[in-house]
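Quick notes on the structure that follows.
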Amino acid sequence: MSGLDGLRAQMREWGRDLREVALELDRDPEAVRGYFDLPAVRYLATMGIPLAYGNAPEPIDGHRFDGASAAQRAVIMEELACGDAGMLVASPGPLLAGVVVSLFADEGQKEWFYGRMLARPLWTCFALTEPDRGSDASALQTSLTPTDQGAVLNGAKRYVGNASRADIAVVFARRGTSPLGLSAVMVETPTPGFHSEPLGMIGLRGARIGTITLDQVHVPEDRFLGRHLPPSRRGFWAFVRTFNLLRPGVAAIAVGIARAAYEYVVENRTTLTPVEQERLAELKRRIDGTRRLVGEAAAAVDANTENGHLASAAKLRASALAEDVTLAACSFFGPGARTEHPLLDKLARDARSMEFLEGTTNMQRLNVFQSLRTGKLSRDNPFAHTP
C-alpha cells in the first residue's frame, strides 16, 4: 500500500468519528469545541505546518504526513468531508490561511505563525471576499494605508469561514490600484477595530461563515506577507498561486460530500431495481472520474504553482458533482427524503455551499477558458499540463 493509500485509509477511519457528530454540529456550530480530542480534529489543528517547524503528526503507514502538499490535502479533505464537511471546516487549524503563510511568509513570520498554531488549537481565517465584489482580486476595496509603524486596514469582508472564532486572520487588501498593489497581511483578531459576526447559513453551518469589518486596524510591518519578495512576486502573482494550491483541496471536499451521499444510498437502500442500480453505478463513475481529476490537479500545482488550470476544472466539476449526487441520492428515498433522512438533507445543503466556496462556477469557467486560449489546457488531452 503506497503512502497516500495509507493516508486515505487512516483519514477514512477518522472520518467516521466526524459522521457521528455531524447533525449535532449542524444544530449547534459551537459544539465543535467539545470534540478537540477526536483524532481528525487533533490532526487538522496542525495540518499544513511543515515537519521542519516542529510539527509531529501521528505516524500513518510508516510516514508522518504534515498536509503541506496539495496531493496530501486532496486525500485528507475528501475523506474527512465524506465523514462530515461541517466538522472538517469547523475544526481549528491553519487550513486556508496556512497555505498563504507557507507560500509567502519569511522565516520569522513562519516561526511566529507555526509556533502559535503548535502551542494550542487555534482558529484562523482567510479574508478575501467582499460585499458586492466577491473574490475578484481586481475589484477589492479594502485598503492598507501606510503609517510610521506599519499600516492600518479599513474595509469589509464577507463569507469568511471561522471569522468569529479566528485568533489570526490573513487579510487581502490594497496598497495601490495596480496588480502589484494587492497585499496579504496577518492580523491578530483581538486588535482594536477588528470585528466579526457569523451569518445565518443553510449549509456548512459548522464553518461559522461570517462578516468582518475593519476600522483603522493596526498592522505592524512584520505582519506583511511577502515583504522579503520583490513586488512582482507579491500582488496578483501571489494571489493566483495561492488559489491554485487551494482549489484541489476545496474540490476534494465536494467529492467527499458526493461520496457520502452515494454511500448513504448504498447502505440504506438494500433492494434496488435494475434502473436504480444503473443510476447508482453512473453516480459512482462520476465520483471516481472527478477524484482522478482532483488528484491530477493537485499533482500539477505541487509540481508548479502556475499550473492552476486543472485545479479550476476540478473545482468546476466537483461542485456540480456534489449538488447532482446529493439531490439524486434524495430521489432514491421518495418525496419525503429530506425530512425523513436528516443526514441526506444536510448533505444536500452542504453541497450547495460548494458553488461559492473559493470561487464561483463562473470564475472557474473563466479560468478554464483562459487556459484553453493560452494553450495551457489541451482539448485533446485535458490532463496534460505545461511544465
**OP:** Could you tell me whether the range 318-336 includes any residue that is closer than 15 Å to LEU246 by Cβ and in contact with a helix residue (DSSP H, G or I) (Cβ under 9 Å, 6 or more places away or on another chain)?
**Re:** yes
Original post:
Within the range 354-376, is even one residue among the hydroxyl-bearing types (Ser, Thr, Tyr), over 15 Å from ARG247 (Cβ atoms) and free of Cβ contacts under 8 Å to residues at least 24 places away in the same chain?
Top reply: yes
Original post:
Among (1) in the same structural domain as GLU188 (by TED's automatic domain parsing); (2) surrounded by 17 or more Cβ atoms within 10 Å (Cβ to Cβ), where does ILE76 come up short?
Top reply: (1)
**OP:** Test VAL240 against the stated conditions and say whether it is at pLDDT 95 or above, in a helix (DSSP H, G or I) and on the phi < 0 side of the Ramachandran plot.
**Re:** no
**OP:** Could you check, for the range 116-132, whether at least one of its residues is assigned to a loop (DSSP other than H, G, I, E, B), under 21 Å from the mean Cα position of the chain (by Cα), within 16 Å of LEU44 (Cβ to Cβ) and not hydroxyl-bearing (Ser, Thr, Tyr)?
**Re:** yes
Original post:
Going by the conditions given, is ALA258 of a type in the set (Gly, Ala, Ser), buried (at least 16 other Cβ atoms within 10 Å of the Cβ) and at pLDDT 95 or above?
Top reply: yes
Original post:
In the range 91-99, is there at least one residue being free of Cβ contacts under 8 Å to residues at least 60 places away in the same chain, over 17 Å from the mean Cα position of the chain (by Cα) and in a helix (DSSP H, G or I)?
Top reply: no
Original post:
Applying the selection to the range 125-139, what residues are in contact with a Gly (Cβ under 8 Å, 6 or more places away or on another chain) and either at pLDDT 95 or above or over 20 Å from GLY98 (Cα atoms) (or both)?
Top reply: CYS125, GLU130
Subject >> Residue among THR305, THR326 that alone is in contact (Cβ under 8 Å) with a residue 60 or more places away in the chain, among the β-branched types (Val, Ile, Thr) and not in a helix (DSSP H, G or I) >> reply: THR305
Original post:
Do we have THR270 as farther than 29 Å from GLY67 by Cβ and part of a loop (DSSP other than H, G, I, E, B) here?
Top reply: yes
Original post:
Would you call LEU310 in a helix (DSSP H, G or I), at pLDDT 95 or above and either buried (at least 17 other Cβ atoms within 10 Å of the Cβ) or more than 20 Å from the chain's Cα centre (by Cα) (or both)?
Top reply: no
**OP:** Check whether at least one residue in the range 214-226 is surrounded by 15 or more Cβ atoms within 10 Å (Cβ to Cβ), of a type in the set (Val, Ile, Thr), more than 24 Å from the chain's Cα centre (by Cα) and in a helix (DSSP H, G or I), and report yes or no.
**Re:** no
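Being within 30 Å of LEU103 (Cβ to Cβ), at pLDDT below 95 and not assigned by TED's automatic domain parsing to the domain that holds ILE76: is that true of THR305 here?
yes
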Original post:
Across the range 276-302, which residue is nearest to VAL75 (Cα to Cα) among those that are in contact (Cβ under 8 Å) with a residue 60 or more places away in the chain and charged (D, E, K, R)?
Top reply: ARG291
**OP:** Tell me, please, whether a residue that is under 30 Å from LEU343 (Cβ atoms), of a type in the set (Lys, Arg) and either modelled with pLDDT of 95 or more or surrounded by fewer than 16 Cβ atoms within 10 Å (Cβ to Cβ) (or both) can be found in the range 114-124.
**Re:** no
Subject >> Number of the condition not met by VAL301 [criteria: (1) under 30 Å from ASP324 (Cβ atoms); (2) in contact with a Phe, Trp or Tyr (Cβ under 8 Å, 6 or more places away or on another chain); (3) surrounded by 14 or more Cβ atoms within 10 Å (Cβ to Cβ)] >> reply: (2)
**OP:** Could you tell me which residue of the range 270-298 is surrounded by the fewest Cβ atoms within 10 Å (Cβ to Cβ), considering only residues that are within 23 Å of the chain's Cα centre (by Cα) and basic (Lys, Arg)?
**Re:** ARG292
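Look through ALA173, ALA184, ALA169, ALA156 and report the one residue that is in a strand (DSSP E or B), buried (at least 21 other Cβ atoms within 10 Å of the Cβ) and out of contact with any Gly (no Cβ under 9 Å at 6 or more places or on another chain).
That would be ALA169, the only listed residue that is in a strand (DSSP E or B), buried (at least 21 other Cβ atoms within 10 Å of the Cβ) and out of contact with any Gly (no Cβ under 9 Å at 6 or more places or on another chain).
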Original post:
Could you list, in sequence order, the residues of the range 76-97 that are within 22 Å of LEU229 (Cβ to Cβ) and touching a Ser or Thr at 6+ places or on another chain (Cβ under 7 Å)?
Top reply: PRO94, ALA97
**OP:** Exactly one condition in (1) among the hydroxyl-bearing types (Ser, Thr, Tyr); (2) out of contact with any Lys or Arg (no Cβ under 6 Å at 6 or more places or on another chain); (3) over 22 Å from ALA298 (Cβ atoms) is not met by THR129; state its number.
**Re:** (2)
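The values are calculated or read from the model by the stated rules, or taken from the named source; none is laboratory data. Predicted model only: the values in this text are computed from it and were never measured. A quick note on method: Cβ atoms are made from the backbone with ideal geometry, for glycine too, and the neighbour counts reach across all protein chains shown.
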